[in-house]
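Down below is the structure, laid out as structure tokens.
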Amino acid sequence: MNINENYLNLEDSYLFSTIAKKVAEYTKANPDKKLIKMGIGDVTLPLAPVVVKAIKNAADEMGVQATFRGYGPEQGYDFLREEIKKYYARKNVDIALDEIFISDGAKSDLGNILDIFSLDNTVLIPDPVYPVYVDTNVMAGRKIIFADANESNGFLPLPDDNVKCDIIYICSPNNPTGAVYTKDGLKKWVDYAIKNDAVILFDAAYECFIKSSELPSSIYEIEGAKKCAIEFCSFSKTAGFTGTRCGYTVVPKTLVRQGQMLNKFWTRRQTTKFNGVPYIVQKAAAAIFSEEGQKQIKENLSYYSENAKIISETMDKKGIWYTGGKHSPYIWLKCPNNMKSWEFFDYLLTNIAVVGTPGAGFGRNGDGYFRLTSFGNRENTIEAMRRFSELIN
Ligand SMILES: *Cc1c(COP(=O)(O)O)cnc(C)c1O
């Protein structure tokens, strides 16, 4: 037998293990210092009460003969797909039920979707980026090219007609940069994809952080997108489902390549390799869409947004260049005094016991930048920014 040698081409990710090691060394040497973690990419607030109630009710149903459920539909229960369809309708986007696929989260589907594409495709990935896009394509052995995101384009690269590619990853609002495409920006990508017969994989995991209807929270708000884009969404950041696991993927039936509907391919892939998300979890997700549910998750989102505002205001006060913060839980800042990412990491850790994420961990263009998150608690965010203000002149 032969192993998949593509795995040998994966670059080891030392980002979070190096952070953990440095933090452990610091706390051992400074047991009396109160460390504040502003590097986490995970939510911290608990599930909304409506969600917890739905989980309990669904669990009770599973324990009663009359309401017990076994295998569900692979693409998800209609009660949840109906809610998602209505959610899109409120954005003036018309999506059919059989274009919605319930998943156990965006990460799995972002990787799994590659099953339906040829290995010969060239993939375009922005740099810096969420590492999943790169690694899943390295595992499959596809050719990857990068689109440079940097200060001059506000970390929102636009298509280059001289560059040819078949699969394009776009994440907006972006992790790690917090940058958000305008409708004009996304339109350029949609036009490029249609012209080049490419497919856009649009990661909308942070769509709920968008606070202006002027900014697109779905790529389908852009004319033509249903002919060239697949959208990935998740309840992880929207409703604290990082440990509960549920998301959805939209594959429009109008997305046709070589005469084939990609929706049909994805349906076939999912019915073969996936057996759906637990009924209990789908009930939990559906509860988010109730009036009460929407109110409760918005309270949590506002809490994070207020943290983001506190961080952004500190950067403004210090004259530090950054992206994100307003429509994103992330603030992506330029390290002061031309420090490199890891240099700045050490500087914050040793001087003020604040931990962030070095931008260098997200790609070549990330060096010299630093990610702070608003997923912590209020008191710590305020205290971290107080220390930051004292340290940075
Ligand atoms: C958190 C995150 C997701 C969501 O992943 P899940 O598997 O749904 O938890 C997707 N994309 C990006 C860029 C993320 O940061």
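Only the coordinates and a few stated rules stand behind these numbers; no lab work does. Just so we're clear, the structure is a prediction, and the values are computed from it rather than from any experiment. Positions of Cβ are generated from backbone atoms using ideal geometry, with glycine treated the same way; all protein chains shown enter the neighbour counts.
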Cα centroid distance between the stretch 143-180 and the stretch 109-135, in Å?
-> 13 Å
11 Å beta-carbon shell around Thr357, net charge (K/R +1, D/E -1) | +2
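Please sort 249-255, 39-45 by packing, taking for each peptide the average over its residues of neighbouring beta carbons within 10 angstrom, highest first. Could the numbers behind the result be given before it?
Numbers: 249-255: 20.9, 39-45: 16.7.
Sorting 249-255, 39-45 by mean packing, highest first, produces 249-255, 39-45.
Give the Kirkwood hydrodynamic radius (Å, one decimal) of the chain, defined as one over the mean of 1/r across all pairs of different Cα atoms. Please report the intermediate quantities before stating the final value.
On the way: mean 1/r = 0.0453 Å⁻¹.
Answer for the chain: a Kirkwood hydrodynamic radius of 22.1 Å.
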Shape category assigned to the stretch 2-50 from the gyration tensor of Cα positions, a/c cut at 1.5 = oblate
Order of 277-290, 187-200 by packing, highest average Cβ count within 10 Å first?
-> 277-290, 187-200
In the structure shown, of Lys56/Lys253; Lys226/Lys298; Lys37/Lys107; Lys143/Lys183; Lys22/Lys326; Lys183/Lys309, the pairs separated by more than 32 angstrom at the C-alpha atoms are Lys56/Lys253
Span-like helices, the chain: DSSP H, alpha-carbon axial extent 15 Å or more, mean Kyte-Doolittle 0.0 or greater, which ones?
-> 15-29, 49-62, 341-352
Just how far, in whole angstrom, is the stretch 228-289 from the stretch 294-325 if you go by their alpha carbon centroids?
-> 29 Å
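With a 10 Å Cβ neighbour count serving as the proxy for reagent exposure, in which order, fewest first, do Leu15, Leu10 appear?
Leu10, Leu15
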Segments 262-275, 326-339 sorted - mean Cβ within 10 Å per residue, highest first = 326-339, 262-275
For the stretch 68-116, using Cα atoms only, the Rg and Dmax in Å read 12.4, 36
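Can you tally the net charge around Glu223? Count Lys and Arg as +1, Asp and Glu as -1, for every other residue whose Cβ sits under 11 Å from the Cβ of Glu223. Please report the intermediate quantities before stating the final value.
Values: positive: Lys183, Lys187, Lys226, Lys227; negative: Asp191, Glu221.
So the environment of Glu223 carries a net charge of +2.
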Name the aspartates and glutamates eligible as straight-distance cross-link partners of Lys21: C-alpha to C-alpha under 17 Å, and not fewer than 8 places from it in the same chain.
-> Asp12, Glu343, Asp346
Checking the stretch 20-83 for trypsin sites (Lys or Arg not before Pro) in a loop per DSSP with at most 14 other beta-carbon atoms within 10 Å yields Lys33, Lys34, Arg69
